[in-house]
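I have placed the structure first, in the form of structure tokens, so that the comments after it can refer back to it.
Nothing in this text is a laboratory measurement; each read-out follows from the coordinates by a stated rule. As the structure is a prediction and not an experimental result, all values here were calculated from the model. Heads up, the Cβs are rebuilt from the backbone with ideal geometry, glycines too, and the neighbour counts pull from every protein chain shown.
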Amino acid sequence: MKILIVSGGFFPQQNPRSFRTTELTAELAKQGHQVTVYIPENNYDYNNFKIENKIDIRFVHIDREKKIELKGNRVSIIVKRIINRFLNTFLAYPDIQYLWKLPRLFSKIGGYDLVISIAVPHPIHWGVEKALRKNKKLTHTWIADCGDPFMLCKTDTFRNPFFFKLFEKSFCKRANYITIPVEGGITGYYREFWDKIRIIPQGFDFSKIRKVEKYIPNEVITFIYAGSFIPGRRDIRPILNFLLDRKIIFKFYIYTNQSVFIEPYKQIFGEKLLISSYIDRDELIYRMSICDFVLNIENGTSVQIPSKLIDYALSGRPILSIDSQNIDEGKFTQFLNGDYSQQYIVSNIDDYNIKNVAKKFIDLATS
């Protein structure tokens with residue numbers, strides 16, 4: 001099967017959409033399909049990656065520079081941030097560039113059995129929809145894969161402007177299928193398109209998972225959180241405030257690219273709190289397999305479930321799932337004391353095996 005994939009994230013990036021795209025393209029190629037992937041232009045040398053995985057990698061040039069660069073005093077910096085927020089929220093800039101760049105790239109190609117567009121960012125779907133309007137020979141099956149909702153998203157700090165509803169409804173109408181990772185996420189999309197929605201979870205190559213053969217409890221209770229934060233929702237600060245009052249010795253490792261939220265706590269906790277930027281996913285799973293338990297901060301909605309839960313489950317360690325806005329102090333204290341009877345269980349783990357995930361995409365294309 002000849003397959004075209006378009007995504008805003010790819011190896012070596014460390015984020016859910018990058019994992020989704022990289023694992024899927026590699027597995028589809030391994031299964032014998034002819035795979036071409038379009039990703040944002042970057043400086044990484046993919047020569048070895050293309051040879052090892054037998055994937056054709058091509059680039060979309062997305063200008064990431066802001067239209068207005070302001071330098072100077074504090075007031076100028078504040079103004080710049082406001083302008084950048086306006087560009088991103090009300091114009092979807094710079095991702096809106098997919099809307100016209102993808103149709104140009106795809107205007108003279110065709111014959112694909114399947115096109116898979118992967119969001120976020122959602123303008124990728126908008127660009128593919130416009131490309132299909134202009135070039136009906138591009139493919140006869142288009143799957144729009146959505147990691148998170150757009151217009152009906154419950155976790156964003158700012159709601160998307162009402163006029164983007166036209167773009168969302170347009171791509172949903174043209175797509176043959178809309179795939180989402182969790183069943184509860186269906187309410188994040190307009191009801192009129194629910195019949196097109198299929199559930200295909202995040203997929204990982206289980207054969208690459210590396211973890212300790214036998215877990216040995218740490219002398220000091222040790223736990224890990226890895227991921228981003230959403231102030232007022234998936235917020236680490238109430239959890240850190242809770243831990244401040246505990247008279248127990250522990251080691252809490254946090255892997256995030258948003259350390260600005262927690263730097264003030266570093267001096268207070270000292271050696272109890274260890275903060276690091278993101279590391280390679282395979283290495284992270286190994287480190288989690290050594291700790292005593294892993295921490296999941298809930299989104300406060302069933303529409304979006306953190307994909308890190310799969311990594312947590314693969315590590316083999318108990319999962320403490322906590323609502324940071326309403327902390328279950330009793331459950332948290334149990335975990336700190338080594339009682340994991342209330343651990344979160346990820347069921348049907350084999351559903352996340354990339355072999356099964358890739359098959360679900362192919363089954364849609366051949367149905």
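The table for this structure:
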item: Qualifying GluC sites (Glu not before Pro) in region 1-68, DSSP loop, other Cβ atoms within 10 Å at most 10; result: E65
item: Cα gyration tensor, region 103-161 - rounded (a/c under 1.5), prolate or oblate; result: prolate
item: Under 14 Å from the Cα of K214 - aspartates and glutamates, other chains or at least 8 residues apart; result: D292
item: Other-chain or far-sequence residues with amide H under 5 Å of D205's (modelled H); result: I354
item: Length released on extending from T187 to Q325, taking residue separation times 0.36 nm less the Cα-Cα span; result: 47.4 nm
item: Sequence-distant lysines (8 or more away, or on other chains) whose Cα lies within less than 23 Å of K169; result: K101, K130, K134, K136, K137, K154, K196
item: Segment T333-R64, extension gain: residue separation times 0.36 nm, minus the distance between their alpha carbons; result: 92.4 nm
item: Backbone N under 16 Å from the D113 label point (7 Å along Cα→Cβ), restricted to region 337-367; result: 358-367
item: Gain on full stretching of the segment that runs from N88 to N135 - 0.36 nm per residue minus C-alpha separation; result: 14.0 nm
item: Nearest 10 degrees, 0 to 90: helix 165-174 Cα axis against the chain principal axis; result: 70
item: Calculated from backbone phi, Karplus (6.51, -1.76, 1.60) coupling profile of region 47-64 in Hz, x at Gly/Pro; result: 4, 5, 4, 5, 5, 5, 9, 6, 10, 8, 9, 10, 10, 10, 7, 10, 6, 8
item: Per-residue ³J(HN,Hα) for region 102-113, Karplus 6.51 cos²θ - 1.76 cosθ + 1.60, θ = phi - 60°, Hz, x for Gly and Pro; result: 5, x, 5, 5, 9, 5, 10, 10, x, x, 7, 6
item: Cα gyration tensor shape for region 207-349, rounded if a/c is under 1.5, else prolate or oblate; result: rounded
item: Cα long-axis angle, helix 281-290 against the chain (0 to 90 degrees, to the nearest 10); result: 20
item: Region 207-349 - share of DSSP beta bridges that are antiparallel (%, nearest 5); result: 5
item: Percent RCO, i.e. relative contact order, over the chain, from Cα pairs under 8 Å lying at least 6 residues apart; result: 14
item: Cα centroid separation - region 209-282 against region 97-120, whole Å; result: 40
item: Estimated dipole of the chain in Debye, rounded to 20 [Cβ of Lys and Arg +1, of Asp and Glu -1, Cα centre]; result: 1440
item: In order through region 139-145: 3J(HN,Hα) via Karplus (6.51 cos²θ - 1.76 cosθ + 1.60), integer Hz, x for Gly, Pro; result: 6, 9, 9, 10, 10, 9, 8
